[in-house]
1. Residues being farther than 11 Å from A:Leu7 by Cα and either among the hydrophobic types (A, V, I, L, M, F, W, C) or within 12 Å of the chain's Cα centre (by Cα) (or both): count how many of those fall in segment A:92-110.
2. More than 7 Å from every other protein chain (Cβ to nearest Cβ), at pLDDT below 90 and loosely packed, with under 15 Cβ neighbours inside 10 Å, is that true of A:Gln216?
3. Need the failing condition index for A:Arg9 against (1) surrounded by fewer than 20 Cβ atoms within 10 Å (Cβ to Cβ); (2) modelled with pLDDT of 90 or more; (3) more than 9 Å from every other protein chain (Cβ to nearest Cβ), just the number.
4. Hey, can you tell me all the residues within segment C:71-92 that are closer than 21 Å to C:Gln149 by Cβ, more than 7 Å from chain A (Cβ to nearest Cβ) and in contact with a helix residue (DSSP H, G or I) (Cβ under 6 Å, 6 or more places away or on another chain)?
5. Quick check, is B:Arg172 in contact with a Lys or Arg (Cβ under 8 Å, 6 or more places away or on another chain) and surrounded by fewer than 19 Cβ atoms within 10 Å (Cβ to Cβ)?
6. If a residue has to be modelled with pLDDT of 85 or more and more than 9 Å from chain A (Cβ to nearest Cβ) to count, how many in segment B:12-40 make the cut?
7. Exactly one condition in (1) under 20 Å from A:Leu55 (Cα atoms); (2) of a type in the set (Gly, Ala, Ser); (3) loosely packed, with under 15 Cβ neighbours inside 10 Å is not met by A:Ser161; state its number.
8. Looking at C:Gly124, C:Gly113, can you tell me which residue is farther than 18 Å from A:Arg17 by Cβ and assigned to a helix (DSSP H, G or I)?
Amino acid sequence: MRNVWILARNSWQENVRGKFFALTVVFAVLVLYISVLLGALAADQEVRVLYDFGLSFIELMGLAGALYGATTVILREMEAKTIYLILTRPVSRGEFLFGRFLGLAMSAAASMATMAAFHLLLLFLKGWRWDSLYALALLGAYLKVLITAALAVALALFSSSVLTALSITLILWTLGHFLPELRYMIAWGPAQWQMAPLRALSFVIPDLQLLNYRDQLAAASAQRPPTWLAFSYAPLYAGIWLLIARSLLRKKEF
Amino acid sequence: MALRPLALGLAACCTLNLAATRLAPAPKAAAAGVRLNADSAVEDAALLSLGMRRMAADLGLVRLLIYYGTPEEAGVVSEEPGSHPYLDPMHPELAWGGGHYPELASRAERVLDIDPSFTYVAIYAAGALAFNLNRPDQALDVLRYAAARNPGDVELAQYMAAVGFSRTGDKRRVLRLLEPMLSRPDCPTMIKNMVAYLYLSRGDRARAAALYREIAESSRDPGYRGIARMMLRRLEAPAASGR
Amino acid sequence: MSAAALVFSAVSKTYAYSHLGRTTYTRGIEDLDLSVALGEAFGLLGLNGSGKTTTFKLALGLLRPTSGKISVLGHEASDFRAYGGIGYLPELPYFYPFLTPAESLGFYGRLSGLEGAALEAGIGQALAETGLEAVAGRKIGQLSKGLTQRVGLAQAILHDPRLIILDEPVSGLDPLAIKHFRDGLARLKRRGKTLIVSSHSISEIEKLCDRVGILKDGRLVRVAAQDEWARAKDGLEGLFVETVQ
């Protein structure tokens, strides 16, 4: 765990001192400002639009930063050979991987929390009153970002290509939100044998709707998936892909 | 081989997803599916695919408000900046000269397809159809559309009753049904404006003025704020004008 | 008899490249038998592509042998727990440009198990031995090649390893920097460290090493001791040219 923490802190330092993190936050603040203008168009529903737009954008910006980091963190170190000076020390490949992922998770949490702070300030100025569902929605978004980042890390190691990993991860992100519709299609599809590949896919892609509290805000709490299920699903699913990534990294040669 | 850890991992994912499905069955999809507006289908589909259903509904509302807020005929001069050029606040139930807005109901229904819980859209559209455009049947259709997706929603039932009574001209009952809605946080300004008119029509200038004042001070709709300020000036003038 | 710091037993490494369904095989090294004793300075010479870097990477677990066994400080080469006793300077070392030399050494020192006062002392000593004190607070991205190479040496010796592997340590350095490096390596040798050095600069190897191994096409074709090349007409250079031609 000590090495994991040392590597995580190093990743955190890199992200904080790097331009991408700062640009993400600046861009997000700009877009939140634009959302105020959009909210004005919605008249009576200004606060709802500001709320939804802000949360959606925080999630997208968190995803962008995490995906960029996840697909490049290890491949970049392999190409730049900075990985040599780490793996030739008493550091296992698993510690290296988990350390880098933890750093990524910390950076994503910080950037999303910063954006959320600006967003909350705007909401309070517009007369919104605190609702704990906001925290649930934000946490759900963060966990979705982590699941997707874990997928991206594994895919980047499997394909050794940033572009391939990014493309497949984005497709899985989309499909993960369409899972209820996919399952409906499978149940009501024309012929079951034709649905077999889709059914197989539905068992593998991440169920991001489980964590999509942002879109379930209006639903009664009884209709939402139980919180314990969503918040245990996320680390388990991400953990599976990190273990896959670890196995792939252990087989890599440099 | 790299395939073995991948295969084991995929098997673990299957197990996890299967367990999640058993513990939290997915909500049933609507039989009619989701129908999208032709002019925004790509954006809406993109937002849905990104898991941003509520945002797609919000943009649908913005487009509906822009649609309804755009004059259908040119050359109309409005009395107050931001006010709707066709609206006579003293007689909002009269059909507007030149305003038809044939897509108002369908646009509202498309928003409800995306987010069935967004009843504000239904109430807004129904209010416009019933009290401004004099099309109560269409207003009831929209409210029924929303009620089918929100069974047990008392507010929608109350609005349906109000529209029903407005068809028969029973302003007293309409007022009685709409008054409790004023205190709801999601009450459209249009409904408040309608209630203020009903107060005026039965001679209750004080209540009408109080409601117009509330609209002028707190509404986020600049159009109705303009109307409210205009009405306050008329009400506070020594000789009130009216028909 | 000294214990062995590094032992290669019939080690071969073949690279496989797959492209469009076809796989081509390239020999990295073949049937390498090599033993380096503790406290010895061993040089590895060879033309480009002869297998020097492959040999080092196999010793450090960055590559896996196709066949044979490798032992480093009594452990299998793939056992990362052994790496605490090893220092490695790769050819053209890369560092995180956003860190200063002091911060980099702190990072690598912690990963090597150093903490607290031992870490601070190790950083101070490494900076002093490599002449980096004046630039310890400057970002590595702003340093010259020579200074970066010195940071490479500093991180290799920071944790006082028993075995130091250096791949082309003076590559691309100016004569003054080379002298500085040579002096540093000589000090390490006097302190009883085991050094394994590869270089195209034969004169550097000649001055530093007790024994030299010459690789040709992935095979260790000759191992010569210091007295052998001292007796040779053209010294180590003559021995090398004669072996590889």
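1. So the count comes out to 6.
2. no
3. Single failed check for A:Arg9: (3).
4. Result: C:Gly87, C:Leu89.
5. yes
6. 0
7. Among (1) under 20 Å from A:Leu55 (Cα atoms); (2) of a type in the set (Gly, Ala, Ser); (3) loosely packed, with under 15 Cβ neighbours inside 10 Å, A:Ser161 violates only (1).
8. C:Gly124
The values are calculated or read from the model by the stated rules, or taken from the named source; none is laboratory data. None of the values given here were measured: they were computed from a predicted structure. Glycine also receives a Cβ, built like all others from the backbone with ideal geometry; neighbour counts cover every protein chain displayed.
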